[in-house]
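Note sheet for the following structure.
Nothing in this text is a laboratory measurement; each read-out follows from the coordinates by a stated rule. What you are looking at is a predicted structure, and each value in this text was computed from that prediction instead of being measured. Don't worry about glycine lacking a Cβ; one is built from the backbone with ideal geometry, like all the others, and counts go over all protein chains shown.
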Amino acid sequence: MTNNEFLQSIKDLEKDTLAQNLGIIVTAATKEKVVGKMPVDSRTKQPLGTLHGGASVAFAETLGSIAGTLHVNYPDEIVVGAEINANHIKSAKSGWVFGVATPVHIGKRTQVWNIRIRNENDQLVCISRLTLAVVKKG
C-alpha cells in the first residue's frame with residue numbers, strides 16, 4: 001500500500017468518528033513519524049476561547065494510534081490506547097495546531113509514542129506520551 005493509499009484509508013476509517021468531528025487531518029504517515037493538523041475553532045475550543053486540553057489529548061492519541069498501526073499486522077492485529085498523559089505548555093486561540101508522533105518503544109505487545117503539538121508560530125503547545133497495547137483482532 002502506498003503512502004497516499006494509506007492516508008486515504010485513514011480518511012475512510014475515520015468517517016463519523018471523533019477525529020473527523022474535531023477536524024483532524026493526517027498529512028504524512030511513515031513508520032518513523034506521523035504528522036497531522038487540527039483546527040483551533042468552535043469544535044476544539046473550551047469556553048474561555050482557547051484550545052481545549054481534551055482536544056489536544058484526542059489529537060495526540062489519534063496520531064499515535066495511526067502510527068502504531070503501521071507497526072502491526074493490521075487488520076489481524078490492532079493497537080488500543082492503554083495510557084496517555086499530556087503536559088499543556090502554551091495555549092492556542094485560533095488557526096491550526098500541528099502534531100508529530102514519533103516512536104519511543106516498539107514491542108510485540110506494547111508501543112510507546114511521543115507526540116508534540118505546536119501552534120502556527122512553531123511554539124510548543126502540548127507534549128504527550130501514549131502507550132498502546134497490541135491485540136489480536138477477533
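Remarks
- Against the main long axis of the alpha-carbon atoms of the chain, helix 3-13 sits at an angle near 80°.
- Pairwise centroid distance, computed over Cα atoms, of the range 5-40 with the range 87-126, Å: 14
- Using θ = phi - 60° and Karplus 6.51 cos²θ - 1.76 cosθ + 1.60, couplings along the range 98-113 (whole Hz; Gly, Pro as x): 10, x, 9, 9, 10, x, 9, 8, 10, x, 6, 10, 9, 9, 10, 10
- The convex hull of the Cα atoms of the range 1-40, projected and averaged over all directions, covers 2.9 nm².
- Within straight-line cross-link reach of K93, lysines at Cα separation under 25 Å, skipping those fewer than 8 residues along the same chain: K37, K45
- Label-to-label distance, nm, for residues given as L48 and N85 (7 Å Cα→Cβ offset): 2.3
- Reach of K108 by Cα under 23 Å, taken over lysines that are not fewer than 8 positions away in the same chain: K31, K33, K136, K137
- Model label zone, D76; criterion: amide N under 19 Å from point 7 Å along Cα-to-beta-carbon; scope the range 1-39: 1
- Of the peptides 128-136, 47-55, the order by per-residue mean of other Cβ atoms within 10 Å, starting with the highest, comes out as 128-136, 47-55.
- Linear extension gain, N3 paired with V100, 0.36 nm per residue minus alpha-carbon span: 33.3 nm
- Here the 3J(HN,Hα) profile of the range 50-63, calculated from phi with Karplus coefficients 6.51, -1.76 and 1.60 at θ = phi - 60°, is 10, 4, 6, x, x, 5, 4, 5, 4, 4, 4, 5, 4, 5 Hz, Gly and Pro shown as x.
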